[in-house]
1. Filter the range A:132-141 for residues that are assigned to a helix (DSSP H, G or I) and modelled with pLDDT of 85 or more; which is farthest from A:P198 (Cα to Cα)?
2. Please verify whether B:T117 is at pLDDT 95 or above and touching a Ser or Thr at 6+ places or on another chain (Cβ under 8 Å), treating the condition exactly as stated.
3. Can you tell me which residue among A:S540, A:S581 is of a type in the set (S, T, N, Q), over 18 Å from A:M670 (Cβ atoms) and within 14 Å of chain B (Cβ to nearest Cβ)?
4. Which residues, counting only those in the range B:431-459, are out of contact with any Leu (no Cβ under 9 Å at 6 or more places or on another chain) and within 22 Å of B:R352 (Cβ to Cβ)?
5. Considering (1) more than 9 Å from chain A (Cβ to nearest Cβ); (2) crowded, with 24+ Cβ neighbours inside 10 Å, say which one B:F228 fails and leave the rest.
6. Which pairs have Cβ atoms under 8 Å, sit 6 or more apart or on different chains, and link a residue in the range B:141-166 that is within 8 Å of chain A (Cβ to nearest Cβ) and surrounded by fewer than 19 Cβ atoms within 10 Å (Cβ to Cβ) to one that is of a type outside the set (G, A, S) and in a loop (DSSP other than H, G, I, E, B)?
7. Of the residues in the range A:51-63, how many are in contact with a Phe, Trp or Tyr (Cβ under 6 Å, 6 or more places away or on another chain) and either among the aliphatic types (A, V, I, L, M) or within 29 Å of B:A475 (Cα to Cα) (or both)?
8. Report yes if some residue within the range B:309-332 is out of contact with any His (no Cβ under 7 Å at 6 or more places or on another chain), within 11 Å of chain A (Cβ to nearest Cβ) and either farther than 29 Å from B:S95 by Cα or free of Cβ contacts under 8 Å to residues at least 24 places away in the same chain (or both); otherwise report no.
Amino acid sequence: MIEWIHPALVFFATAALVPFVKGKGKSILLIGFPALAFFSLMLFPDGNYGVFTIGGFEVVFGRVDKLSRVFAYVFTLMGSVGMVYALHVKQKGQHIAALIYGGGALGSIFAGDLLSLFVFWEIMAFSSVFLVWYGGEKSWANGLRYLMVHTFGGLCLLGGIVIFAGQTGSIAFNAIPASGLGGWLILIGFLINAGAPPLHAWLPDAYPVGSITGTIFLSSFTTKTAVYVLARGFAGTEVLMWVGVIMALYGVVYAMLENNIRKLLAYHIISQVGFMVAGIGVGTELAINGAVAHAFAHILYKALLMMGMGSVIFMTGKRKGTELGGLYRTMPLTFGLFMVGGFSISGVPFLSGFISKSMVISGAAAAHYPFVVLLLTLAAAGTFLSTTLKLPYAVFMGEDKGIKAADPPGNMLLGMGLAAFICILLGVMPNLLYQLLPFPVDYHPYTAEHLLGSFQLLLATLLGFTLFLYKLHPENTISVDTDWVYRKGVVWFQQLKNPLQGIKVLRYKDFLQGLTLFSRQVSQRIQSGYLKHALVMIISFVMLSTLLFSLFKGWTLSLDSLMQTDLTLSQLLVFVLIISSTLATVLFKSRIAAVLSLGMTGFFVAFFYVLMGAPDLALTQYLVEAVSVILILLAFYYLPAYFEEKTAPASKMTDIAVSLLVGIVMTFYMLMVMDSHLTKSIASYYLEMSEKLAGGRNVVNVVIVDFRGFDTMFEIAVFSIAALGIFGMLKLNKKKAPIQREAALNGSLKREQIEEAVQREVTSK
Amino acid sequence: METALPNIQLIAILPEMILALVACALFVAEPFVPLEKKESLGYFSIGGLLLSGFSLVFLWGKEISTFNGMIAIDFYAIFFKMVFLSISILIIMMSFRYIEIQHINLGEYYGLILFATIGMMFLPSATDLLSFYLSLELMSMSLYVLTAFMRKDPRSIEAGIKYFLTGVFASGVILYGIAFLYGLTGTTNLTGIHEQLAGQDLSSSPTLIIAVILMVTGFGFKIAAVPFHMWAPDVYEGAPTPITAFLSAGSKAAAFSVMLRVFITGLEGSHDTWWQILWLVSVLTMTLGNVVAMVQTNIKRLLAYSSIAHAGYLMIGLIAGNNVGLTAILVYLVGYVFMTLGAFTLVILICRKGVRGDQISDLRGLARTHPLVAATFILFALSLIGIPPTAGFVGKLYLFNAAIQGGFYWLAIIAILNSAISLYYYFNIVKVMYMDEPLDAMPLSFSPALKVALSIMAFVTLFLGLYPEPIIRGAISSVKIFL
């Protein structure tokens, strides 16, 4: 017995089947399955389905109630209608992406817990981006930016969920208080998807470059899912009301300035979603009903508008208002259907916008927010002005640019026709929609007062439009958006590149460019591949963090122990010699001289041991010094003969600074450690016991051959093995590959030469 | 005085002893195996690794501390030993075809991998600074040689020398830190150090802080954290690709496995000091790693930066220092190992005679010629970014959770921002594979073993994303030793 069919599952299954069908079968599959999902919604009563327990948390895949059901209705409906419009598309990838995207949206709608919500949320982001990318070569960068913003939003959501779940101990998705870091992070994650300024830049950036059919789905699902989750989680949060008002006005203003026809519509999405967000913010039953109804209506008429403009682009290949004009003659059907959408969005009576938009405004009025009512009404007028008057005027009427075009293919017209039909149906029979709403509706749109008010508003706007027609002519401009939020931080990256260039105007997309620029700088300058730089970085870190700690912890140095030491004249002399030979090592230009003076330093140190009365230690030190000097000289024999001085003065200064820092900090270390209270050393044990246990008076010898006899034995073994290895390598090197040595001696170890030698070796075998 | 030899339980090092014997046998057998049959040595070493893994059965559920408290066997150690054994098996399976193409199919290659594995396997068992240092050196020395193993290729030689010189410098720094700790507490045993530090208030003792700074520096080098990461891109680029993968997965996991022991078992008392340093290092590591990866054109360098960035994420768990954080590190490491190995497998696949195959542009149109391989890469990329349903997501979820529970909100937010940035460069590769036209037929260098290895990696990456329960349980019972 099938308990419940998750509509998202239907969409995913369709996506999985698409690669295997062709022709008519494909058409049936693409349109039929989403429609099937639509009807399946009617079959099952409210309740929680698909409940699992994962990792101690209850995951609910299917929470069916009125709120989720109404969104699911419009999403599945839109899936079908959108597919009709997209039937002619040959790339199956587009269909698959759209279906997975729709499935993700449905999954989010039905998610009863935050964890599965997050998973579907990410599925939406990652599938929808392909619809942007199918828009062609130029959409790549926009799509990537889109995806990055959504990933960031998704992770904000995740962070919020983790905090929220940690505080409440439950991941159930119900009303979330907009307080505390968790609540705010979740809200930010939601608002990014809703396209609220200043986090909206991805929307007008990505939608206009998406594929013609893909944009229909894009404009339907992402923002409306955000509206749903806001209605579910944050209803009645006052800040949302103001966010919504800002969105409504903001979108309209930018839409009026915009010339790219699809970008204009993209700004309108922000504006219309603003109405919904405001309604959610008001939070009364009427306002929430209004927001949901508006989302329902908006998905359909915005899709219709997008389809209309998509058809224009599809047939003419032009995207800007200034390049178009007079198309009503060649594309009459498109024009007619587009106007249905245009009048809907403006709230003309007997169309869907009329019955939904006014609900939000009435909701705000009933809740006594007169200012909100005023601003939203203003935004509504602006919508009428730009979408219904300016855009069609520029594209279909206006100056005839003599563009050869015709109405688009049948399936596209049919898709538009279906959408237009539903717009009119809802406008005429509002109860169809009202009975689906989450709260009982006691609202009648067709009152004389309301009708009169709308007509007044529309007429006044129309009058204004005719009077200032010449001013509203589209101009071929790029409007600069408020992306300055992203800009500011990036300016200095730009300056880094070329200080003379000065400050440029940077836009949203430049944020990424700035990052890549910085990245390039780092990989060229810091990541130079020089060993020296690597070591300088490590040393500087150690030194600087020590200094920082010493400052913050207020370490004090007492120099008492230093002062108490008395130096004899001969000791002082040896010190001077040690220092001067060290300096000589650094200053000598000749390598041999430098190595020899390094050896001198060692010898003087050994001499110091003699003065301190440890001749055996001094002898060992002498031996080691002699051997190491000889080894280094031997190494030089195999290295290239010349030694070019390439160090630039500036880099020399850093070297000196780093060396000095090392010297100072090391001295500091030593003095600190001598001052601090260390645990008892085991030296006294050896001094006491060496004669008793091992019967020897030379303590050092006793330690080496008796107390640590095993150590010494293994040490000798290791040394012998190492010596054997070195001997073997030297012998091997002489025997073969003369070219390598030759090349090495000339200092020109070229890849080709080596490959040649290898080749010769291989053939000779 | 009667000094008896300490009571040593040799069974504690049974898996390592088996591996050492196998490795020695390899070195002896290698001259007698003809060039075209060197592959059999590889299968022999896989057999050794499996046998060693099987011997873990005898240690299961035991709590042993032996060699004067230098080596411990507990669930934590066994957990990591299993991880390292699987890494080595996968690395050898990835290598067969590659080392044949590069003319380095010699028995020593496998032998050195085994020795490096022995070093790694001792690390999570090390409960003493000395045994820790020795194991670290055993691992590192083998890796230095392996890095320069393509000795006819100047890039490999350069990488080997760079790795060696900076590596021994870092080892010296660790040793210096050990000396300070020993001087302060009079013991090298981690539990002993903990007791000593607990007995007295040393929170602002200069010696302790200096020791901590030096330890962080040394470990920072081994896990390739910024600013000690400079070697990583060059070494990753020059080394034979399977060895690069070995460095990125094995060496990093090994360093983390012992870092937890040292910092939690040994230095927990001074958490207040070291989280500040680690916080800074972690933020630098995540940010620089991700941002610089954006402009790389060489995949191996790109993955090097990505691996740097992941070290930054992993450090979050240690900074949080709570139970969730330690669990998160283990969970994330397991996922990370499989997904990063998977990403490197792609580079191995496109390498063939005459084609180095380490440029991103070499992947053009891979989705057309080999759709399945391209799809597998998307899986690894998603996991590396941390998108469900993959292993990387589960790990990141735990890490963020740890940061938030520990009150490190900023760290979590910075990590989130960085994850968004990382999307850019992984999907840049996806774009090249899916949107560009292929240049030629692009034959891939598959071998049967490689196919099996790649399927295992893809399966585990996906499986742990869908059903992470077993690994989470394992991690939780592993970190119980720190409670």
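The values are calculated or read from the model by the stated rules, or taken from the named source; none is laboratory data. Everything quoted here is computed from the prediction, not taken from an experiment. Glycine also receives a Cβ, built like all others from the backbone with ideal geometry; neighbour counts cover every protein chain displayed.
1. A:W133
2. Answer is yes for this residue.
3. Of A:S540, A:S581, the one residue that is of a type in the set (S, T, N, Q), over 18 Å from A:M670 (Cβ atoms) and within 14 Å of chain B (Cβ to nearest Cβ) is A:S540.
4. If the condition is that a residue be out of contact with any Leu (no Cβ under 9 Å at 6 or more places or on another chain) and within 22 Å of B:R352 (Cβ to Cβ), then B:E437, B:L439, B:D440, B:A441, B:P443, B:S447, B:P448, B:A449, B:K451, B:V452, B:S455 are the ones that fit.
5. Against the list (1) more than 9 Å from chain A (Cβ to nearest Cβ); (2) crowded, with 24+ Cβ neighbours inside 10 Å, B:F228 comes up short only on (1).
6. B:K152/B:H103; B:P154/A:L749
7. The total comes to 1.
8. Yes, the range B:309-332 contains at least one residue that is out of contact with any His (no Cβ under 7 Å at 6 or more places or on another chain), within 11 Å of chain A (Cβ to nearest Cβ) and either farther than 29 Å from B:S95 by Cα or free of Cβ contacts under 8 Å to residues at least 24 places away in the same chain (or both).
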